[in-house]
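Here the structure is laid out as structure tokens; the discussion comes afterwards.
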Amino acid sequence: MFDIAHSLAGDGGISEMQDARYFRTQAMLCLQAAASISDRTAREKLEAEATRYVEQAEALEEGTVPPLKL
């Protein structure tokens, strides 16, 4: 999936991915896209992806996910 929030973030560094706001923005974009799609399968996939993004954001906020490493 095209990662518009990451593309607009500027430097595109890993730090954005360690920020819960990044994942919440991605979730919002998925839900916006899902709302505009009539294909049920595609909509459900986008909604599932949004759920995963929210779960990642929550885990980061709770400190239960280690930082990403390259």
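The values are calculated or read from the model by the stated rules, or taken from the named source; none is laboratory data. The structure presented is a predicted model; accordingly, all values stated were derived computationally and were not measured. Cβ sites come from the backbone with ideal geometry, for glycine too, and all protein chains shown count toward neighbours. For accessibility, only protein heavy atoms count, side chains too; no ligands or nucleic acids. Shrake-Rupley method; radii C 1.70, N 1.55, O 1.52, S 1.80 Å.
Structure above, values below:
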{"item": "Near pairs, Cβ below 6 angstrom, 6+ apart or cross-chain, from region 39-55 (within 8 Å of residue 27 (Cβ to Cβ)) to any residue that is part of a helix (DSSP H, G or I) and of a type in the set (Gly, Ala, Ser)", "result": "50/27; 53/27; 54/27"}
{"item": "Count - residues of region 17-41 that are of a type in the set (D, E, K, R) and open to solvent by less than 50 Å² (accessible area, probe 1.4 Å)", "result": "1"}
